[in-house]
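Right, one structure below, let's go through it.
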Amino acid sequence: MTFGEQPAYLRVAGDLRKKIADGLLPPHTRLPSQARIREEYGVSDTVALEARKVLMAEGLVEGRSGSGTYVRERPVPKRVARSGYRPAGGATPFRQEQADADVRGTWESRSEQAEASGAVAERLGIKPGDRVMCTRYVFREAGEAVMLSTSWEPLDLTGRTPVMLPEEGPLGGMGVVERMAAIDVVVDNVTEEVGARPGLAEELLALGGVPGHVVLVIQRTFYASGRAVETADVVVPADRYRVAYHLPVR
């Protein structure tokens, strides 16, 4: 193979991908069989199979048991708007995670005490094994799961206070900024790092994704005078959402 020449399976996958993008293979159309691909492109069964695997890994096609492989309906991406933390004034977890004012949603949550893993401890500036309050959220819009979030707060800060449980007590269901203010902790900074990875099986099950699909992970941490008071992983399906940031100019 000369420099710059693609392997045969990628060339076949690229041509099929273009046909899908151009509408020649519209959604719900059965992908040409392995034998048809072999004949049309003059390739081996192995090349035809690998080309189909590429399209499946990219989420362009899906296998249906006993029926074949079909072109998937491509969703129109929606925006997950981010604008940093919201000041005190009643920011709910959904408002905190989805700053788009047009979005109306609900959420489910579950909190439990846990030991901080090495990665969480590093983000919170505590020791591995220190106690944290771990809260898992499922955010829904019109009944559809759109985001998952797992947050961790150090119990040496919130333990035995009215805000120890994020979703219970007098400030249950409010945002981090307002909850922390109630215990005289002033949140003055927030950082977010956005990355992508294959979704975990349990994440894709909750979000209605297909095994192998990629998710966006927003790693967010709130700070008060340089101390991390909460950190969270926000997970959204990469094929259905785009993360849009609205940042003030100082």
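A few remarks follow.
- In region 148-174, the residues that are under 23 Å from Leu200 (Cβ atoms) and in contact (Cβ under 8 Å) with a residue 24 or more places away in the chain form no Cβ pair under 8 Å with any partner that is among the β-branched types (Val, Ile, Thr) and assigned to a loop (DSSP other than H, G, I, E, B), whether six or more places apart or across chains.
- Every residue from region 213-250 that is within 19 Å of Gly175 (Cα to Cα), in contact with a helix residue (DSSP H, G or I) (Cβ under 8 Å, 6 or more places away or on another chain) and of a type in the set (A, V, I, L, M, F, W, C): Phe222, Ala224, Ala228, Val229, Val234, Val235
- Long-range neighbours under 8 Å by Cβ, at least six apart or interchain, first residue more than 26 Å from Arg123 (Cβ to Cβ) within region 210-221, second at pLDDT below 80 and not aliphatic (A, V, I, L, M): Val210/Gly59; Gly212/Gly59
- Test: residue in region 176-189 that is free of Cβ contacts under 8 Å to residues at least 40 places away in the same chain and within 30 Å of Pro75 (Cβ to Cβ): no
- Residue match in region 7-19 (condition: of a type in the set (Ser, Thr, Tyr), open to solvent by 30 Å² or more (accessible area, probe 1.4 Å) and not in a helix (DSSP H, G or I)): no
- Of the residues making up region 34-58, those that are assigned to a loop (DSSP other than H, G, I, E, B) and modelled with pLDDT of 90 or more are Gly42, Val43, Ser44.
- Of the residues making up region 158-183, those that are of a type outside the set (D, E, K, R) and buried (at least 21 other Cβ atoms within 10 Å of the Cβ) number 8.
- Restricting region 107-153 to residues that are hydrophobic (A, V, I, L, M, F, W, C) and assigned to a loop (DSSP other than H, G, I, E, B), the residue that is nearest to Val80 (Cα to Cα): Ala142
- Only one entry in Leu205, Leu155 is under 20 Å from Ser109 (Cβ atoms) and exposed (fewer than 13 other Cβ atoms within 10 Å of the Cβ), namely Leu205.
- Within region 31-61, the only residue that satisfies the criterion of being open to solvent by less than 60 Å² (accessible area, probe 1.4 Å) and touching a residue at least 60 places away in the same chain (Cβ under 8 Å) is Gly59.
- Tyr9 passes every criterion in (1) more than 29 Å from the chain's Cα centre (by Cα); (2) touching a residue at least 40 places away in the same chain (Cβ under 8 Å); (3) at positive phi apart from (3).
- Residue in region 184-194 that is farther than 23 Å from Leu55 by Cα, under 12 Å from the mean Cα position of the chain (by Cα), of a type in the set (D, E, K, R) and surrounded by 14 or more Cβ atoms within 10 Å (Cβ to Cβ) present: no
- Subset of region 71-87 that is of a type outside the set (D, E, K, R) and open to solvent by less than 40 Å² (accessible area, probe 1.4 Å) - its residue that is modelled with the lowest pLDDT: Gly84
- From the list Gly90, Gly105, Gly68, Gly63, the lone residue that is at pLDDT below 90 and under 17 Å from the mean Cα position of the chain (by Cα) is Gly105.
- Evaluating Val214 against the criteria (1) surrounded by fewer than 21 Cβ atoms within 10 Å (Cβ to Cβ); (2) touching a Gly at 6+ places or on another chain (Cβ under 6 Å) leaves one unmet condition, (2).
The values are calculated or read from the model by the stated rules, or taken from the named source; none is laboratory data. This is a predicted model, so every value here is computed, not measured. Because the Cβ atoms are built from the backbone with ideal geometry, glycine has one as well, and the counts that use them run over all protein chains shown. Each accessible area value is taken on the protein alone, full model and side chains, heavy atoms only, with ligands, DNA and RNA left out. Shrake-Rupley method; radii C 1.70, N 1.55, O 1.52, S 1.80 Å.
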